[in-house]
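Worksheet: one structure, shown below.
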Amino acid sequence: MHFIMPGQMADQIDPSKTADPRGDLHSPLISTAIMTNNIRVAVMAFISGVTLGFGTAYLMISNGLIVGALAAVFMQSGKSYVFWAYILPHGIIELSAIFIAGGAGLYMGYRFFVPGPFPRRARFLESAKESAQLLIGTVPLFVIAGIIEGYITPSTLSLEVKYLIAGGTLVILALYYMYGARNVKQKNRNHSAIKHPST
């Protein structure tokens, strides 16, 4: 933990106090601060795509190491069940959004190295526009995750209820993805029908 995180921050990690009352976390100000921070991380992951993806990869790996280090500390303390009950309700949506933002940044770097039959500069600018649309699409996800993290995560709800909420967010994300995939498939089918009408 001390190798990955700043010493002062690492010293504050105490698995035995995870379930202690947090009082001020139940407030709109804290929820807004969480949303703002998460969106800032996503924007940084996206903007780092201009480094041809190297900056984005660094941000994704470093953030992943922090989550992994925290999970290891709680596991060694026998508090894994508690840890994930406090992480998953907001984490499923939050991490999915961060992955999307990171993927948007990596996509820009990929298109620079693999422009296909198009001019490299034009392909990079086009991919930047597509990636920006992906980034904008993550904002509602961060808002939802911030509300959950500000109100539900630190609440006195039982750990089992928090796991149920986490499962619900996973189901909703899966249904949303399936809905989007079906729409894309339908649009491609309609486009193909217009391009090659049956006789």
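The values are calculated or read from the model by the stated rules, or taken from the named source; none is laboratory data. Note that this is a predicted model, so its numbers are computed, not measured. Because the Cβ atoms are built from the backbone with ideal geometry, glycine has one as well, and the counts that use them run over all protein chains shown. We work out accessible area using only protein heavy atoms, side chains counted, and drop any ligands, DNA or RNA first. Shrake-Rupley method; radii C 1.70, N 1.55, O 1.52, S 1.80 Å.
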Expected field for S16, accessible surface area in Å² at 1.4 Å probe radius, rounded to 10, holds 80 Å²
Reviewing [x] 1.06; [y] 0.92; [z] 0.97, the figure for Rg/Rh (Cα atoms, Kirkwood Rh) actually calculated from this model sits under [x]
The helix 120-147 Cα axis meets the longest alpha-carbon principal axis of the chain at an angle in degrees, between 0 and 90 and rounded to 10, of 40 degrees
Two pseudo-spin positions, 7 Å from Cα along C-beta at Y110 and at I66, lie apart in nanometres by 2.5 nm
Probe 1.4 Å, all chains present, heavy atoms only: Y58 accessible area in Å², nearest 10, is 150 Å²
Rg/Rh over Cα atoms for the range 130-179, Kirkwood Rh, comes to 1.07
For 104-110, 70-76, ranked highest to lowest by mean beta-carbon neighbours within 10 Å, the order is 104-110, 70-76
quick shape note, the range 81-140: Cα extents on principal axes in Å, largest first -> 52, 21, 11
Here the net charge surrounding I92, from other residues whose Cβ is less than 15 Å away from its Cβ (Lys, Arg +1; Asp, Glu -1), is -1
About its Cα centre, the chain carries a charge dipole, from +1 on Lys and Arg Cβ atoms and -1 on Asp and Glu Cβ atoms, whose size in debye to the nearest 20 is 1120 debye
Taking Cα atoms only, helix 54-76 is inclined relative to the longest principal axis of the chain by an angle, in degrees rounded to 10, of 30 degrees
Once M178, M44 are ranked on solvent-accessible area with the largest value leading and a 1.4 Å probe, the list reads M178, M44
